[in-house]
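Input: a single structure, listed below in structure tokens.
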Amino acid sequence: MLWVALELPALPLQIVERGGISREPLVISEGPAQRPLVVCANEAAKAAGIREGQAVAAAKAWCT
């Protein structure tokens, strides 16, 4: 029996950006509704200072 393990950490972001690359900061988040965390961020979001693992509330503060 053969097994294959794939790790695709940016797949949700790539699916969202299929229509075209966004110039606006864009993140994918997960976690409890009280404190979701950034899982993936596009280049515009990274340029604004948003990092993976950061709280979404903090990410919103960076982009305003």
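Please verify whether residue 38 is on the phi < 0 side of the Ramachandran plot, hydrophobic (A, V, I, L, M, F, W, C) and assigned to a loop (DSSP other than H, G, I, E, B), treating the condition exactly as stated. So residue 38 does not fit the description; no.
Among the residues making up the stretch 1-51, a single one is touching a Gly at 6+ places or on another chain (Cβ under 7 Å) and either of a type in the set (Gly, Ala, Ser) or open to solvent by 40 Å² or more (accessible area, probe 1.4 Å) (or both): 37. Among the residues of the stretch 1-17, those identified as in a loop (DSSP other than H, G, I, E, B), without any contact (Cβ under 8 Å) to a residue 12 or more places away in the chain and of a type outside the set (Asp, Glu) are 1, 2, 3, 4, 5, 6, 8. Listed by first and then second residue, the pairs linking a residue in the stretch 18-38 that is within 13 Å of residue 59 (Cβ to Cβ) and without any contact (Cβ under 8 Å) to a residue 24 or more places away in the chain to a residue that is open to solvent by 100 Å² or more (accessible area, probe 1.4 Å) and part of a strand (DSSP E or B), with Cβ atoms under 8 Å apart and 6 or more places separating them unless they lie on different chains, are 36/30; 37/30.
The values are calculated or read from the model by the stated rules, or taken from the named source; none is laboratory data. Remember, it's a predicted structure, so these values are computed and weren't measured experimentally. FYI the Cβ positions are ideal-geometry reconstructions off the backbone, even for glycines, and counts take in every protein chain you see. Just the protein is used for accessible areas: all its heavy atoms, side chains included, with ligands, DNA and RNA removed. Shrake-Rupley method; radii C 1.70, N 1.55, O 1.52, S 1.80 Å.
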